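The values are calculated or read from the model by the stated rules, or taken from the named source; none is laboratory data. Bear in mind that the values here come from a model prediction, so they are computed numbers and not experimental data. Neighbour counts run over all protein chains shown; Cβ positions are idealised from the backbone, glycine included.
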Amino acid sequence: MRVSLKKPGGTFFNSDIPAWGYNIIVPETDIGSPASITAEVFGLPDDAEIRFDFSSLSGQVIDPSTKILTVGEINKGSTVSTITTKIGGAQPLTVTVRRVK
């Protein structure tokens, strides 16, 4: 990410700050039907490793609860985990995402 700051005298200070982010994708599904959880990662090289730690809520089964994948695998559409729910309606998802390597 590029940051530019304007000093009071009118000059600019520019710097590139390393930043990365992700999106978690969960499709609509029916009660009792498993749905694949996928993700997108941006701002990291394909060989960087990302760890996903999911916490199931009451009525949810998320399996596996922990998975490590490379950015390349993630961005090719690999399944990060699978969620099956017994609850109708919107599904809150509790996940911690961090870079391992």
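Some observations on this one:
- Subset of the stretch 1-41 (residues that are charged (D, E, K, R) and part of a strand (DSSP E or B)): Arg2, Lys6, Asp16, Glu40
- Cβ separations smaller than 7 Å between residues 6+ apart or across chains give the following pairs from the stretch 1-21 residues that are free of Cβ contacts under 8 Å to residues at least 60 places away in the same chain to residues that are of a type in the set (Lys, Arg): Phe12/Lys6; Phe13/Lys7; Asn14/Arg2; Asp16/Arg2.
- Qualifying residue in the stretch 1-21 (condition: surrounded by 11 or more Cβ atoms within 10 Å (Cβ to Cβ) and of a type in the set (Ser, Thr, Tyr)): no
- For Ser58: the one exception among (1) in contact with a strand residue (DSSP E or B) (Cβ under 7 Å, 6 or more places away or on another chain); (2) of a type outside the set (D, E, K, R); (3) loosely packed, with under 12 Cβ neighbours inside 10 Å: (1)
- With respect to the stated conditions, Leu44 fails to be part of a strand (DSSP E or B) and either at pLDDT below 95 or over 12 Å from the mean Cα position of the chain (by Cα) (or both).
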